[in-house]
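J.: If you scroll down you'll find the structure; I have some questions about it.
The values are calculated or read from the model by the stated rules, or taken from the named source; none is laboratory data. In this text, all values refer to a predicted model and were calculated from it rather than measured experimentally. Glycine also receives a Cβ, built like all others from the backbone with ideal geometry; neighbour counts cover every protein chain displayed.
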Amino acid sequence: MRNYPFIQLILVQIRDFYREPAVLFWSFLFPVLMAWGLGIAFNKKTEVTKTIAVVFEEKQSIEIFEKQIAKANYENKLDSISKTYYYSFIYGNENMGITHFRLKPVSQQEAELMVKRGNSSMIIKLENGKLQYNFDNHNSEAQLSYLQLSSVFSGDALSPSQAEIKPITEKGTRYIDFLIPGLIAMNVMMSTMWGVSYTLIEARTKKLLRRMIATPMKRWEYILSHILARIVLCFVEATIIFSFAYYYFDITIEGSFLAFIVLFISGILAFSGISVLMASRTSKTQVGNGLINLMVMPMMLLSGIYFSYYNFPDIIIPFIQALPLTMLADGIKAIFNESAGFQQVWKYILVLNSLGLVTFILGLRFYKWY
């Protein structure tokens, strides 16, 4: 029975694990719920909606376009958000998947803005009876949309031989211009949530907080030190990401650099406040791990980091735009790609700072030190 003590040590660790109901939920049930939710969202999603910007250079082009698109059985519908009309038709079937296309007539400036914000993957122009597709040829979604639409726009008026593909190469309209600001925003969330929240929970688990409060230190100073340290580290991390994007992809900050700094700090403060509140009562690192994942995973999927949140149903877009990561990412994208300044992003700054202040005060109020 030489291994008997060793076996008992293993059993002690297992018993310590399953005696905590919250740990069981986050370790076993939460991953199942995530798999179930994501499986329903993506596995059974046979219908998607794509918005395409359409630019008419002359009035005659509208008549030619409507004549050609008539074979797709299009309908004129009103956009509930912008209150403008667009052409709507369905492509595909149940076996290959159904795509609801919304072709929205806009000006050239509005079309470029839609691409920069991820609301449209391409721009279609019609001039002198000639169709022109403008899209980033590195964007797989735009490539698929081109193949789908080119099969619809076939005939005498607009045959494929008359169509022209013009890759979009301008700054702010490429997919990488959409991706990098989102990655910077996501890094703020991930770095802050794990760097502040998990660190505080781990300190409580290891009984370090009991020793800290025995010192002359003020309690708020201990928590604030974590936040200020995270501000420094987030700036270092963002500098590395931006430097790589600048030298490799030629990405620059087109808008106000000062507005970017203020917005960036506001995002750190918002997620730091949320982190403090989440860590205020949690005493198990396993539970803290589950809480952090519960917070960050939905925002990573919904907030338009890797793909536009306009792909989701219109009814949930306002809720997505209210998420702190969405506000931070949209603000950084506007500064990077749309030459935005304080006038365009002040609402994001105000909301993020207010969220950070309120959650920090609540977290400090309910914080469990021992």
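J.: Quick check on my filter: what residues within the stretch 112-133 are more than 15 Å from residue 178 (Cβ to Cβ) and either within 23 Å of the chain's Cα centre (by Cα) or not aliphatic (A, V, I, L, M) (or both)?
T.: Of everything in the stretch 112-133, those that are more than 15 Å from residue 178 (Cβ to Cβ) and either within 23 Å of the chain's Cα centre (by Cα) or not aliphatic (A, V, I, L, M) (or both) turn out to be 125, 127, 128, 129, 130, 132, 133.
J.: Going through the stretch 51-96 one residue at a time, which ones are within 25 Å of the chain's Cα centre (by Cα) and in a strand (DSSP E or B)?
T.: Listed by number, the residues that qualify are 51, 52, 53.
J.: For residue 312, which of the numbered conditions (1) touching a residue at least 40 places away in the same chain (Cβ under 8 Å); (2) within 19 Å of the chain's Cα centre (by Cα); (3) under 18 Å from residue 182 (Cα atoms) fails to hold?
T.: Exception for residue 312: condition (1).
J.: Among the listed residues 212, 193, which satisfies the condition of being over 13 Å from residue 296 (Cα atoms) and modelled with pLDDT under 90? Please lay out each step first, then the result.
T.: Working: 193 fails: over 13 Å from residue 296 (Cα atoms).
One residue alone meets the criteria, 212.
J.: Quick one: which of 177, 156, 136 is at pLDDT 85 or above and acidic (Asp, Glu)? Break it down into steps so the answer makes sense when it comes.
T.: Values: 156 fails: at pLDDT 85 or above; 136 fails: at pLDDT 85 or above.
When all the criteria are applied, what remains is 177.
J.: If I ask for residues that are out of contact with any Ser or Thr (no Cβ under 6 Å at 6 or more places or on another chain) and small (Gly, Ala, Ser), which ones from the stretch 255-301 would you list?
T.: Answer for the stretch 255-301, where residues must be out of contact with any Ser or Thr (no Cβ under 6 Å at 6 or more places or on another chain) and small (Gly, Ala, Ser): 256, 259, 266, 267, 270, 280, 283, 290.
J.: Under 30 Å from residue 102 (Cβ atoms) and β-branched (Val, Ile, Thr): does that describe residue 253? Let's see the steps before the verdict.
T.: Values: under 30 Å from residue 102 (Cβ atoms): no; β-branched (Val, Ile, Thr): yes.
Judged against the criteria, residue 253 is not a match.
J.: Where residues in the stretch 217-264 are in a loop (DSSP other than H, G, I, E, B) and of a type in the set (S, T, N, Q), which of them is farthest from the chain's Cα centre (by Cα)?
T.: 256
J.: Hey, another quick one. Scan the stretch 173-197 and report the pairs whose first residue is surrounded by 24 or more Cβ atoms within 10 Å (Cβ to Cβ) and assigned to a helix (DSSP H, G or I) and whose second residue is modelled with pLDDT of 90 or more and among the charged types (D, E, K, R), with Cβ atoms within less than 6 Å and a gap of 6+ or a chain change.
T.: 181/333
J.: Where the second residue is at pLDDT below 90 and of a type in the set (D, E, K, R) and the first is assigned to a helix (DSSP H, G or I) and lies in the stretch 265-281, which pairs have Cβ atoms under 8 Å and are six or more apart or on separate chains?
T.: 268/230; 272/230; 279/204
J.: Quick one: which residue in 256, 243, 283 is crowded, with 17+ Cβ neighbours inside 10 Å, among the small types (Gly, Ala, Ser) and in the same structural domain as residue 192 (by TED's automatic domain parsing)?
T.: Working: 243 fails: crowded, with 17+ Cβ neighbours inside 10 Å; 283 fails: crowded, with 17+ Cβ neighbours inside 10 Å.
Of 256, 243, 283, the one residue that is crowded, with 17+ Cβ neighbours inside 10 Å, among the small types (Gly, Ala, Ser) and in the same structural domain as residue 192 (by TED's automatic domain parsing) is 256.
J.: Ok, one more. Report, by residue number, each residue of the stretch 352-370 that is surrounded by 13 or more Cβ atoms within 10 Å (Cβ to Cβ) and of a type in the set (Ser, Thr, Tyr).
T.: 354, 359, 367
J.: From 294, 301, which residue is assigned to a helix (DSSP H, G or I), out of contact with any Gly (no Cβ under 7 Å at 6 or more places or on another chain), aliphatic (A, V, I, L, M) and within 27 Å of residue 50 (Cβ to Cβ)? If you could, list the steps in order and put the result at the bottom.
T.: Values: 294 fails: within 27 Å of residue 50 (Cβ to Cβ).
The unique qualifying residue is 301.
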